[in-house]
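What follows is one structure encoded as structure tokens, with my remarks underneath.
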Amino acid sequence: MSRKWIQCAVLALLASAPAVATDQAILRNGFAIRHERRAVIGANTRLYLGNDNTSYVDVPTAEIDHFEQDLTPTPAPATATSTAPLPANPTPQVKSQLSIADAVTGSSQRYHLDPDLVNSVIRAESAFNPRAVSNKGAQGLMQLMPQTANNLGVRNAFDPETNVDAGTRYLRELLEHYNFDLIKALAAYNAGPHRVEQYGGVPPYRETHAYVSRIIRDFNKKKIAQEKENSAQRASQHPSTTKPSAAP
């Protein structure tokens, strides 16, 4: 694992990350996800659900059959007092994905973590399955153990918003405890803080080493892609104006 990119990951922890027409991504299972724009990041396609960079879902590119223009009228933004009826027969998969994206965005802002990091943890923990249960009893998107969930005041670990909020808060607490040493915090999230204390770092468990490496690798791929995109944008905004000197 490159030390340079581990350092980049740590530096990015406290910062939130900054086809135009509305399209639909038609998945191979027949469901559709409406989005404003998209970008390919590694093996995934990021579908931006709004006009900014904070609300999005990552979908494996291999699961997307094709894209098509969305010709349906743009719905009015939902509000707490809205009385507009819900669409008939809403698609469970799309509703779940949207809920996860909103939960990650909100929790990342509340606890001042990079949403890409939270997404990488969720991907490693549950592959974005809100109903996931491990053989050890961990539950939901961020795989909260029952005792941890109870300590965090979680009543329903299968609720995406509640689970992501608690998991993100717990990750932030671990980062603060280990002076923002991302490797130790992730190891503690996986194996428990007592094991990190016992071994003075990442415990010698193959599962924990693979877990930490998987998250760092996924997170770094996102940061590298963002750097390339930002560099390309800067280059397009400030093209070189250097002209060859005239011959003597």
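The values are calculated or read from the model by the stated rules, or taken from the named source; none is laboratory data. Keep in mind the model is a prediction, meaning the values are calculated, not measured. Here Cβ is always computed from backbone atoms with ideal geometry, including for glycine, and neighbour counts include all displayed protein chains.
Here is a list: ARG123, ARG172, ARG110, ARG155. Which entry is of a type in the set (D, E, K, R) and within 16 Å of ASP218 (Cβ to Cβ)? Break it down stepwise before answering.
Working: ARG172 fails: within 16 Å of ASP218 (Cβ to Cβ); ARG110 fails: within 16 Å of ASP218 (Cβ to Cβ); ARG155 fails: within 16 Å of ASP218 (Cβ to Cβ).
Going through ARG123, ARG172, ARG110, ARG155 in turn, the sole match is ARG123.
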Item to complete: Give the number of residues within segment 132-147 that are under 12 Å from ILE100 (Cα atoms) and out of contact with any helix residue (DSSP H, G or I) (no Cβ under 6 Å at 6 or more places or on another chain).
Response: 0
Worksheet entry | Selected residue [among the hydroxyl-bearing types (Ser, Thr, Tyr) and either in contact with a helix residue (DSSP H, G or I) (Cβ under 8 Å, 6 or more places away or on another chain) or at pLDDT 95 or above (or both)] from TYR205, TYR199 | TYR205
Worksheet item: Condition test on ALA132, is it out of contact with any Lys or Arg (no Cβ under 9 Å at 6 or more places or on another chain) and in the same structural domain as ILE216 (by TED's automatic domain parsing)?
Response: yes
Worksheet item: Which residues, counting only those in segment 148-197, are of a type in the set (Lys, Arg), over 22 Å from SER99 (Cβ atoms) and surrounded by fewer than 21 Cβ atoms within 10 Å (Cβ to Cβ)?
Response: ARG195
Discussion item. Could you check segment 48-68 and list, in sequence order, the residues that are at pLDDT below 70, under 11 Å from GLU36 (Cβ atoms) and hydroxyl-bearing (Ser, Thr, Tyr)?
Written reply: SER55, TYR56
